[in-house]
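*Asks:* Here it is: the structure, laid out below.
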Amino acid sequence: MKKPASNYDLQVDIAKGIFLKYDQEFLIRKFSLAADEQYIYLNYINTPCRISRKDGGVEEYIQNRWQECRSFGTVMTIYDLLCYHQGDTAPVLADQWCAVGTFVVTGVTNTETFTKKYAAIFDGHITELKNACEKLGGALQPTMAGADVTYRIPVTPFFPVLLQFWAGDEEFPPKLILLWDRNTHRFLHFETTFYLQGDLLDRLKSCMEEIV
């Protein structure tokens, strides 16, 4: 008996249909994307991806072959980064980092509860975390606010996030935060930052497990 589709799977399929309503040639020009008659290509967290121009499905190039991506966080973030902005040209980064709540008027802005579990996982593994950041295309940044790890990680070639991590000690527990460009609200919905945050931290965790 076939397993019924989850709500996440249903939302992914709905989003595929919505993506197909957009002018693909316009999106390709707007974000300077590679494309052919069948697919639109882009890198997402250092993983080659392609979107079918026929059915809107997202595929990732993993283990030397293209595989369908059904990850809700991945798919929804990719669609949002390409389709949310309504201008004729791509949005521009402010090159100023801020907390997620800076560009939100209402809604839940405290992500500490979510990041706390990853901070505990990363604690005691500074070298592995740095290596994982670099494996995902991250670039080491000058230390900010005394953080033990500070990396700028490209989500796509045109949109990065900044990861900071402080190791725990006798007085303070480990701490992890993601900082966002001040113009993030021009690139994607606020809700999508939570999808992206979870996707990125899960990938870092997986990379660290491979390294160990």
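*Asks:* In the range 57-89, what residues are of a type in the set (A, V, I, L, M, F, W, C) and surrounded by 17 or more Cβ atoms within 10 Å (Cβ to Cβ)?
*Replies:* Matches in the range 57-89: 58, 69, 72, 75, 76, 78, 81, 82.
*Asks:* Separate question: Looking only at the range 57-98, which residues are of a type in the set (Asp, Glu) and farther than 18 Å from residue 180 by Cβ?
*Replies:* Within the range 57-98, 59, 60, 68, 88 meet the criteria.
Residue-by-condition table, conditions (1) surrounded by 20 or more Cβ atoms within 10 Å (Cβ to Cβ); (2) polar (S, T, N, Q):
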| residue | (1), (2) |
| --- | --- |
| 121 | no, no |
| 127 | no, yes |
| 151 | yes, no |
| 154 | no, no |
| 164 | yes, yes |
| 174 | no, no |
| 177 | no, no |
| 185 | no, no |
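*Asks:* Right, here's the next one. Go through (1) modelled with pLDDT under 95; (2) within 14 Å of the chain's Cα centre (by Cα); (3) surrounded by 16 or more Cβ atoms within 10 Å (Cβ to Cβ) one by one and return the number of the condition residue 115 breaks.
*Replies:* (2)
*Asks:* On the given criteria, is residue 209 surrounded by fewer than 20 Cβ atoms within 10 Å (Cβ to Cβ), out of contact with any strand residue (DSSP E or B) (no Cβ under 9 Å at 6 or more places or on another chain), under 30 Å from residue 34 (Cα atoms) and modelled with pLDDT under 95?
*Replies:* Spelling it out, it is not the case that residue 209 is surrounded by fewer than 20 Cβ atoms within 10 Å (Cβ to Cβ), out of contact with any strand residue (DSSP E or B) (no Cβ under 9 Å at 6 or more places or on another chain), under 30 Å from residue 34 (Cα atoms) and modelled with pLDDT under 95.
*Asks:* Name, by its number, the condition in (1) outside any loop (DSSP other than H, G, I, E, B); (2) over 19 Å from residue 180 (Cα atoms) that does not hold for residue 101.
*Replies:* With respect to (1) outside any loop (DSSP other than H, G, I, E, B); (2) over 19 Å from residue 180 (Cα atoms), residue 101 is out only on (2).
The values are calculated or read from the model by the stated rules, or taken from the named source; none is laboratory data. All values reported here derive from a predicted model rather than from experimental measurement. As a convention, Cβ positions derive from the backbone with ideal geometry for all residues, glycine included, and neighbour counts pool all protein chains shown.
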